[in-house]
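Chemist: This is the structure, below, for whatever I ask next.
The values are calculated or read from the model by the stated rules, or taken from the named source; none is laboratory data. The structure displayed is predicted, hence computed values, not measured ones. Glycine also receives a Cβ, built like all others from the backbone with ideal geometry; neighbour counts cover every protein chain displayed. Heavy atoms of the whole protein, side chains included, go into the accessibility calculation; ligands, DNA and RNA do not. Shrake-Rupley method; radii C 1.70, N 1.55, O 1.52, S 1.80 Å.
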Amino acid sequence: AWGRKRIIMKCDNEKPIVAVQRAIHTLRTEETVLENSLPGDSSSNGRAEQAVRDIEGMIRTYKDTLEEGYKVKLEHMANLLPWLVLHAGEMLNRCRPGADGRTPYFNLKGKRSHVRLLPFGETVLFQKLSTSGEKRNKLDQAFDKGVYVGIDPHNGHQVCLTPEGACRTRSIRRLSLI
C-alpha cells in the first residue's frame with residue numbers, strides 16, 4: 001500500500017469487508033496487521049465513521065445544490081450520482097486539513113494539490129485531451145460544452161460529462177466568466 005512495508009487494516013466485522021481484508025493479508029508479502037472492531041461497536045472505528053458521515057453530508061449538500069440549480073430531482077440525473085460520491089471524497093482529500101494542518105493529499109503525495117476546482121455539476125467549456133497520435137483539425141471548434149463532475153484521483157485530470165460520455169481535460173473555461 002503506497003510503498004509502506006507494514007500496514008494496519010482496520011474494519012468492522014461485516015463479512016464482505018473481512019473477506020477483502022483477509023485476501024489482502026494473504027496476498028501481501030510485507031507485514032499486515034488486521035484489526036477489527038467488536039460486533040455492533042462502530043464507534044471504535046471513529047475516524048473512518050466520521051469520514052463516512054462527512055462525505056454523506058457533502059453528498060447531500062451537492063445533491064441539494066444541483067436539484068435547486070437545475071430545478072430537477074437527482075433521480076432524473078442518476079448517472080451523476082457515482083461522480084458525486086467520487087467528487088465529495090476528492091474534495092475532502094484535497095481541501096480539508098487534518099489535525100496536523102496538512103491535507104490527506106499532501107500526506108500521500110508530499111505536495112499541495114494545484115488542480116483548479118469548480119462547483120460540481122457546473123456547465124463548462126472544456127478541451128478534450130487528445131489520445132496519442134490523434135491530431136485535431138485546426139478548423140474544428142477547440143472547446144466542447146459539458147458538465148463538470150470532478151477530478152480523476154489517479155491522474156489529476158478533470159472530468160466533464162457530455163452526451164457521448166466522460167471526457168478528460170486539463171483546460172476548462174467557466175461559462176459564467178465568458
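Chemist: Work out which trypsin sites (Lys or Arg not before Pro) in the chain are exposed loop sites (DSSP not H, G, I, E or B, at most 14 other Cβ within 10 Å) and give the longest gap free of them.
Modeler: After excluding every exposed loop site, the longest remaining stretch is 29-70.
Chemist: For q = 0.17 Å⁻¹, what log10 I(q)/I(0) does the range 36-130 give under the Debye formula with an equal point scatterer on each alpha carbon and no solvent?
Modeler: Evaluating at q = 0.17 Å⁻¹ gives log10 I(q)/I(0) of -0.93.
Chemist: What accessible area per residue comes out for the chain, rounded to a whole number of Å², with a 1.4 Å probe?
Modeler: 70 Å²
Chemist: Could you bin all the Cα-Cα distances of the range 70-125 into 10 Å bins starting at 0 and give me the percent of pairs in each, rounded to whole numbers?
Modeler: It works out to 20, 42, 26, 12, 0, in whole percents.
Chemist: Please report, as a whole percent, how much of the solvent-accessible surface of the chain comes from carbon and sulfur atoms (probe radius 1.4 Å).
Modeler: With neighbouring chains kept in place, the figure for the chain is 55 percent.
Chemist: Compute from the Cα atoms of the chain the Rg and the Dmax, the latter being the longest Cα-Cα distance, and quote both in angstrom.
Modeler: Reported Rg and Dmax, both Å: 19.9, 64.
Chemist: Turning to a different aspect of this structure: Work out how much length HIS114 to LYS73 would gain on full extension: take 0.36 nm times their residue separation and subtract the Cα-Cα distance, in nm to one decimal.
Modeler: The span from HIS114 to LYS73 would gain 11.5 nm if fully extended.
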